[in-house]
1. Going through segment 287-312 one residue at a time, which ones are surrounded by fewer than 16 Cβ atoms within 10 Å (Cβ to Cβ) and not in a strand (DSSP E or B)?
2. Glu250: assigned to a helix (DSSP H, G or I), within 16 Å of Ile301 (Cα to Cα) and open to solvent by 70 Å² or more (accessible area, probe 1.4 Å), yes or no?
3. Give the residues of segment 313-331 that are of a type in the set (Val, Ile, Thr) and surrounded by 16 or more Cβ atoms within 10 Å (Cβ to Cβ), sorted by residue number.
4. Taking segment 316-366 on its own, how many of its residues are assigned to a helix (DSSP H, G or I) and of a type in the set (Asp, Glu)?
5. Are there any pairs with C-beta distances below 7 angstrom linking a residue in segment 273-284 that is within 12 Å of Glu218 (Cα to Cα) to a residue that is in a helix (DSSP H, G or I), with the two at least 6 apart or on different chains, and if so which?
6. From the list Glu218, Glu235, Glu206, which one is at pLDDT 95 or above and among the acidic types (Asp, Glu)?
7. Kindly indicate whether any position in segment 134-148 is at positive phi and not polar (S, T, N, Q).
8. Look through segment 201-230, keep the residues that are among the acidic types (Asp, Glu) and touching a residue at least 24 places away in the same chain (Cβ under 8 Å), and return whichever of them is surrounded by the most Cβ atoms within 10 Å (Cβ to Cβ).
Amino acid sequence: FSFLLPLITGCGKSDDKGGHASPSGPGKMDFEQQALKMEAGDLAKLNKTKDPHSDAYSKSEGKYDLAKIHEGLDIKHDPNEVVAVVNGENILRLELDRIVDKVKDKVSKSRLHLIENQILKDLITQVLLKQFIKNEGITVDPARIEGEITIYRENLKKNPETKDKTLETVLEEEGGSIEELRIALDISFSIDDYLNKTVTEDELKEFFNDNLSDFRGETVTVSHIFLDTRNLKDEAKLKEIKEKIQNIKEELDKGSDFVELVDKYSECPSAKNSGQLGTITRKEMVKSFTDVAFNMDVNTISEPIKTEYGYHILKITDKQEGKDVTFEEVRDKVKTTHYNGKTIELIGNLTKNANTEILMKPSQQVSGSHGGMHGGASAHGGMEEGVSPHGGMSPHGGMQSVAPQGSSAHGGGE
């Protein structure tokens, strides 16, 4: 339910800073947006072929007809089919389809299996958290949940984009429901209560001191040239990429334009935006990246640096040193940030230690016209949480922010 955040805070706009804000923006779920992007890529490839002999090709418009491409792919599932077993607890097909049915008309059937995989992953996470909460004996007063929902309703009325809509309507438009929101809030408040009992004040202060630059508002505005090495195993190829990035740096040293070299060489999606990654904090990138970026001066270009994603050449265009703050001044932000990290850690541990069996039979994938375009997709369709060429991390499964203005899912109850 993180897609609700811009709506319930009255913002209603995507704060997209070079791709490091949520890629979905307001009103779109991450998994849906990812599938749409991949579908657009497939169609672009199809349209380039312009095969007039294909039944899917429309001569009048010069485009492929999705209805023709995906004709006859509706598959009926047994609602009682067990799609996953989590520590002995079954997840049924009807639970999965209840959510899939709300979003499947927004994406093509060629990507439906990706949607299903992501939703199933979220359902597994939800089951793990529910099991954990039950084992800890944590219960949340329903009145607390209803109070939060009331605040959501009030904030929707304050937002010009949603003032004429009910919360139920907004949720329905985005593939959710009020009951699912109640479940998400119950889990969020339960984990919040658990962390309130287990995280000490000294731990919060230590976290503040260890991450002081983040709370001081220290940022840099950075662009980069990026060469991807994640899928390279051959030492000769790796050596070739290393030499290539060194040659690019030599071109820059000789006076070549940074943006022109971004367009020519960079393998990051940010290349479409002159390599701009926007204004970032230390936590938005992997340490090997930020250690260099935050030690650079404005309008300087770095030597090539290596991260687990590949090689980067950075250019710093602005820098904000931040201001001095005390723990007491930013305690709420410290708590929220630390609790989000602890929640991600908890989900990771629960997932790692769980006895989970995936039994789902995926929906049929499109072949023929789309054949050969889906190779290399992961079990989750390449949509693993928080993974990007830059190493930015974000909480997954709706635990990041479902809170109204002035509060948060973590620490908002105080």
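1. Lys287, Ser288, Asp291, Asn295, Asp297, Val298, Asn299, Glu303, Glu308 - these are the residues of segment 287-312 that are surrounded by fewer than 16 Cβ atoms within 10 Å (Cβ to Cβ) and not in a strand (DSSP E or B).
2. Values: assigned to a helix (DSSP H, G or I): yes; within 16 Å of Ile301 (Cα to Cα): yes; open to solvent by 70 Å² or more (accessible area, probe 1.4 Å): yes.
Yes, satisfied.
3. Narrowing segment 313-331 to residues of a type in the set (Val, Ile, Thr): 313, 316-317, 325-326, 330.
Of everything in segment 313-331, those that are of a type in the set (Val, Ile, Thr) and surrounded by 16 or more Cβ atoms within 10 Å (Cβ to Cβ) turn out to be Ile313, Ile316, Val330.
4. The first filter runs over segment 316-366 and keeps only residues assigned to a helix (DSSP H, G or I), leaving 331-353.
Those still in the list that are of a type in the set (Asp, Glu) too: 332, 345.
Residues flagged as assigned to a helix (DSSP H, G or I) and of a type in the set (Asp, Glu) within segment 316-366 amount to 2.
5. Thr281/Asp214; Arg282/Ser213; Arg282/Asp214; Arg282/Thr290; Lys283/Asp214
6. Values: Glu218 fails: at pLDDT 95 or above; Glu235 fails: at pLDDT 95 or above.
Every option except Glu206 fails the conditions.
7. In the first step, residues of segment 134-148 are kept if they are at positive phi; the result is 137.
Filter once more, keeping what is not polar (S, T, N, Q): 137.
Looking through segment 134-148, at least one residue is at positive phi and not polar (S, T, N, Q).
8. Initial filter on segment 201-230 (among the acidic types (Asp, Glu)): 201-203, 206, 210, 214, 218, 228.
Of the ones still in play, those that are also touching a residue at least 24 places away in the same chain (Cβ under 8 Å) are 203, 214, 218, 228.
Values: Glu203: 12, Asp214: 20, Glu218: 16, Asp228: 14.
Only one residue tops the list, namely Asp214.
The values are calculated or read from the model by the stated rules, or taken from the named source; none is laboratory data. Predicted model only: the values in this text are computed from it and were never measured. Neighbour counts are summed over all protein chains in view; Cβ atoms, including those assigned to glycine, are modelled from backbone coordinates with ideal geometry. Just the protein is used for accessible areas: all its heavy atoms, side chains included, with ligands, DNA and RNA removed. Shrake-Rupley method; radii C 1.70, N 1.55, O 1.52, S 1.80 Å.
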